[in-house]
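Enquirer: Just dropping this structure here.
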Amino acid sequence: MVPSFRKFVGMVVLVIFVVVYAFVAMVIGDITLQEASNLARFAYFAVAGLLWVIPAGAIIWWMERSGKNRT
């Protein structure tokens, strides 16, 4: 795959992933933590707010990989 096209695809996937992840994390937190303490809510949203970094890093790593043929 051509590196510029790989970066374009990765950018689109990354933006879609972040938007969907934020929405899902927000809905799950809202539904499950309505009766929880403020500390539990803070802990959930702190972890959920940082957890997206792992898959986003994998997408960025894929985008930056060399486009050279491996023979």
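Enquirer: Work from the charge dipole of the chain (Cβ charges, +1 for Lys and Arg, -1 for Asp and Glu, about the Cα centre) and give the residue of Val24, Leu39, Met11 farthest towards its positive end.
Expert: Value computed over the given set: Met11.
Enquirer: Let me ask something else about it. Of Ala43, Ala22, Ala56, which has the largest mean-square fluctuation in a 10 Å C-alpha GNM of the chain?
Expert: Per the Cα network of the chain with a 10 Å cutoff, Ala43 tops the list.
Enquirer: Report, to the nearest whole %, how much of the accessible area of the chain belongs to carbon and sulfur atoms, 1.4 Å probe, protein only.
Expert: 75 percent
Enquirer: Please turn the phi angles of region 25-37 into ³J(HN,Hα) values with the Karplus equation 6.51 cos²θ - 1.76 cosθ + 1.60 (θ = phi - 60°), one per residue in order, whole Hz, x for glycine and proline.
Expert: For region 25-37, the Karplus-derived couplings read 4, 5, 5, 4, x, 5, 6, 8, 10, 5, 9, 7, 6 Hz, x marking Gly and Pro.
Enquirer: May I ask you to give the solvent-accessible area per residue for region 6-56, in square angstrom, as obtained with a 1.4 angstrom probe?
Expert: The answer is 73 Å² per residue.
Enquirer: Suppose every K and R has +1 on its Cβ and every D and E has -1 on its Cβ; what is the size of the dipole of the chain about the Cα centre, in Debye to the nearest 20?
Expert: Dipole of the chain, to the nearest 20 debye: 560 debye.
The values are calculated or read from the model by the stated rules, or taken from the named source; none is laboratory data. None of these values were measured; they are calculated from a predicted model. Neighbour counts are summed over all protein chains in view; Cβ atoms, including those assigned to glycine, are modelled from backbone coordinates with ideal geometry. Surface accessibility is based on the protein's heavy atoms, side chains included, excluding ligands, DNA and RNA. Shrake-Rupley method; radii C 1.70, N 1.55, O 1.52, S 1.80 Å.
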